[in-house]
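Engineer: Okay, handing you the structure first.
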Amino acid sequence: MELVLTASVTVILVTILSWMENKTAYGQQKPWKRQLVAGILLGISACIASDYGTNINGAICNVRDAAPLSAGLMFGPNAGVIAGLIGGIYRFFWGAPIQQVFSAEWLSVMFLPTSPGGFTRLACTFGTIAAGIFGALAREYLFEDKRPSWLGSCALGITIEIFHMILVFVFRLDAMQQGYVILRQVIVPMVLGNGFTVMVAALLCAWISGDQVFPSLRGKNLTTAFRNGLLACILSAFVVTTFGMYIMQKRLGLRQTEASLSRNLSDLKRKIEDDGGIESFIENDFTWHIGSDGGIIVCDVVNNPQGEMDYMRVVLNGKQYNKNQIIDIEQMNRQQVDKMPENFFESSLPIDGENVPVYGMYEYIDGYIVITYVPIEEATIFQNVTWLLTVCFDILLFASIFINIFVLIRRLILRNIDKINEKLSEITSGNLDTVVDVQSHNEFELLSKDINETVARLKQYIQEAEERIDQELEFARTIQHSALPSVFPAYPNRHDFDIFASMDPAKEVGGDFYDFYPTGKHKMVFLVADVSGKGIPAAMFMMTAKTFLKSYAELGSSPDKVLDITNEKLCETNEAGMFVTCFMCEADLKTGKVHFANAGHNPPLLYHRGEGFRYLKPKRGFVLAGMEGIRYHDQEFDMAPGDYVFLYTDGVT
């Protein structure tokens, strides 16, 4: 329960600080101020974790390292270092009343296993400080001053706690067995507890910041793909080496135990011979020990009436063995015991009232069974310590390999690829003056040079193409202008009306056009039209429309009929999906009456002498070439001497 509560303190503090940075004016403070606050608060959280750890069989388990690591990863390098120093220094003096700190009495016992926290004082102090520094370095260099994902945070929490466990052995080589007993009890809850705490803190920070809480592990980003692939390789190598080492060490340990028991049995036999035989040895009540808890057992074999071995009676015992206990005879002559060679066995012996798993070896000597034994836990202590250290060092080794390879590849390759992609994005967006200048290595230098040469050649091709297009457009513009009446006054011999027109295309070739021509002695047709689009396609469509309009007008049709027929013809050949707006008038120069039809064009301006200009309000009608079957309306207005009508396209509006 204490472990969960202290972990909650760290998570709550991280959540509150993240919320303040993202949702309040606190986030506008200078970064060093925010990191100072985060470092102090999470340093206090580390101190609380030291005071309220969970006691597991005499070993104290806590999540102290999660606070400085979270400070460095979530809020910046300075926060991690500050929190680590606060938590580490507090742990160094933990267990001593303030008035006794630095006293001669306290200094003399501060590192003793019997003093509160003394056995792991140095390891825990350096581990907590290292957690803050590691978080700072990871934030600065591994994650490029960005908050890590929850998965990365969890992995770093596990890694730093494994490092903490190794420090216990480093600083306590004089008491390796005691260190192993402590670590065996706390390593799983402390590693998982610290990793889980940092992971939850990262999840809540991402949620508050609006970041993607569960980013896809199968992203198409090259960095993500490389990271996932490298992680898979590292994990598979770790699993193979760890289990391979475990199997080898277990087998080697068993062989060493067997050899040790065999040597002890041989030494015992020589001792029995030197004492004058087994009977004399028993009379001397000699005690023989193997290690600290192992020893010998000499048993008298009791036969049944048929002469077969019935049971064994203990005659002489080791220090840890109860003389009144009888060993089951089946352990010696049946297949219930796993025999490595024939006289080596693994079983359980009742020692001090408890069944203790042991390795043993026995031999028949002068009618007695002589057994040498050692508890399995004692026999395998160094094997287990070695395997635990191997696993811990493997985790640190593979984590270091992963981090170094990932950072190296990102700095040497991925970062340069990103730079080139940024420049290519500018080029593809139209900025052909962009220069790719990644000169870190020969390969990128050559790639930059090739890209720049390609862009330069592309610019040359574009320039040449533009020159050709300009020539073609100029030629088309000349043709277009030549198709429009451009000599004014157009009818110098006539004095009953005057007309003038001009066209200034928005591009070299436009789709606007005008036209005027007499259709009788006293009739004049004039029109303004606007083809959708610009360029040569608009000019070609304009020429087609102009030809249809003039041809049908000269046949004597009224403007509305001309538009009807022209619309049908244009729809038949309108594969490009273009359309034309047109305002067409036919003026009777003798009466001043003007008939007109409108195909979706702007209304003209009409000027009556003495009244000024006003917009004509015609029925608009639909555009030409837009839809078959359209019928246009015949409309009219009157003009008197001195009146004007002004037609225009939307470029004039």
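The values are calculated or read from the model by the stated rules, or taken from the named source; none is laboratory data. Predicted model, so just to flag it, every value in this text is computed and none were measured. Reconstructed Cβ throughout: ideal geometry from the backbone, glycine too, with neighbour counts over all protein chains shown. Ligands, DNA and RNA are excluded from the accessible area calculation, which covers all protein heavy atoms including side chains. Shrake-Rupley method; radii C 1.70, N 1.55, O 1.52, S 1.80 Å.
Engineer: Right, TYR648: open to solvent by 40 Å² or more (accessible area, probe 1.4 Å) and either touching a residue at least 60 places away in the same chain (Cβ under 8 Å) or not aliphatic (A, V, I, L, M) (or both) or not?
Structural biologist: Taking the combined requirement at face value, the residue does not satisfy it.
Engineer: THR224: surrounded by fewer than 17 Cβ atoms within 10 Å (Cβ to Cβ), under 15 Å from the mean Cα position of the chain (by Cα) and polar (S, T, N, Q), yes or no?
Structural biologist: Against the criterion (surrounded by fewer than 17 Cβ atoms within 10 Å (Cβ to Cβ), under 15 Å from the mean Cα position of the chain (by Cα) and polar (S, T, N, Q)), THR224 qualifies.
Engineer: Determine the pairs where a residue that is crowded, with 19+ Cβ neighbours inside 10 Å, located within the range 548-571, has a partner that is assigned to a loop (DSSP other than H, G, I, E, B) and of a type in the set (Ser, Thr, Tyr) with Cβ atoms under 6 Å apart, the partner being 6 or more residues away or on another chain.
Structural biologist: ASP560/TYR632; LEU563/TYR632; ASP564/TYR632
Engineer: On to the next question. Any residue that is under 60 Å from the mean Cα position of the chain (by Cα), over 30 Å from LEU424 (Cα atoms) and either surrounded by 12 or more Cβ atoms within 10 Å (Cβ to Cβ) or free of Cβ contacts under 8 Å to residues at least 40 places away in the same chain (or both) - is there at least one of those in the range 482-498?
Structural biologist: The answer is no; no qualifying residue exists.
Engineer: Taking the condition of being within 19 Å of ILE395 (Cα to Cα), open to solvent by 50 Å² or more (accessible area, probe 1.4 Å) and among the aromatic types (Phe, Trp, Tyr), how many residues in the range 160-181 meet it?
Structural biologist: Looking only at that region, the number is 1.
Engineer: Name the pairs: first residue in the range 264-279 and within 15 Å of GLY360 (Cα to Cα), second residue of a type in the set (Val, Ile, Thr), Cβ to Cβ under 6 Å, at least 6 apart or on different chains?
Structural biologist: Here the result reads ASN264/ILE290; ASN264/THR372; LEU265/THR372, each pair linking the range 264-279 to a residue that is of a type in the set (Val, Ile, Thr).
Engineer: Assess whether GLY127 counts as being under 20 Å from PRO77 (Cβ atoms) and in contact with a helix residue (DSSP H, G or I) (Cβ under 7 Å, 6 or more places away or on another chain).
Structural biologist: It is true that GLY127 is under 20 Å from PRO77 (Cβ atoms) and in contact with a helix residue (DSSP H, G or I) (Cβ under 7 Å, 6 or more places away or on another chain).
Engineer: Can you work out which of the residues in the range 139-159 that are aromatic (Phe, Trp, Tyr) and within 17 Å of GLY80 (Cα to Cα) is most open to solvent (accessible area, probe 1.4 Å)?
Structural biologist: TYR141
Engineer: Could you tell me which of the residues PHE119, PHE126, PHE134 is among the aromatic types (Phe, Trp, Tyr), modelled with pLDDT of 80 or more and surrounded by 21 or more Cβ atoms within 10 Å (Cβ to Cβ)?
Structural biologist: Within the list PHE119, PHE126, PHE134, the selection yields PHE134.
Engineer: Quick one: HIS595 ticks every box in (1) closer than 25 Å to GLY511 by Cβ; (2) more than 60 Å from the chain's Cα centre (by Cα); (3) of a type outside the set (D, E, K, R) bar one, so which box is it?
Structural biologist: Unmet condition: (1).
Engineer: Hey, another quick one. Checking GLY27 against (1) modelled with pLDDT of 85 or more; (2) part of a helix (DSSP H, G or I); (3) not aliphatic (A, V, I, L, M), which single condition isn't satisfied?
Structural biologist: (1)
Engineer: All but one of (1) assigned to a helix (DSSP H, G or I); (2) surrounded by 13 or more Cβ atoms within 10 Å (Cβ to Cβ); (3) touching a residue at least 12 places away in the same chain (Cβ under 8 Å) hold for GLU474; state the number of the condition that does not hold.
Structural biologist: All conditions pass for GLU474, except number (2).
Engineer: Still on this structure, I have one more. When you scan the range 182-205, how many residues do you find that are open to solvent by 20 Å² or more (accessible area, probe 1.4 Å) and touching a residue at least 24 places away in the same chain (Cβ under 8 Å)?
Structural biologist: 11
Engineer: Restricted to the range 36-88, and to residues that are polar (S, T, N, Q) and at pLDDT below 90, which residue is farthest from the chain's Cα centre (by Cα)?
Structural biologist: ASN57
A quick yes/no check of all residues on (1) aromatic (Phe, Trp, Tyr); (2) under 14 Å from ALA625 (Cα atoms); (3) touching a Phe, Trp or Tyr at 6+ places or on another chain (Cβ under 9 Å):
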site	(1), (2), (3)
ALA529	no, yes, yes
THR544	no, yes, no
PRO559	no, no, yes
VAL580	no, yes, yes
LEU589	no, no, yes
ALA597	no, no, yes
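Engineer: Sort out which residues of the range 615-653 are modelled with pLDDT under 90 and hydrophobic (A, V, I, L, M, F, W, C), and write them in order of number.
Structural biologist: Hit for the range 615-653 is VAL652, nothing else.
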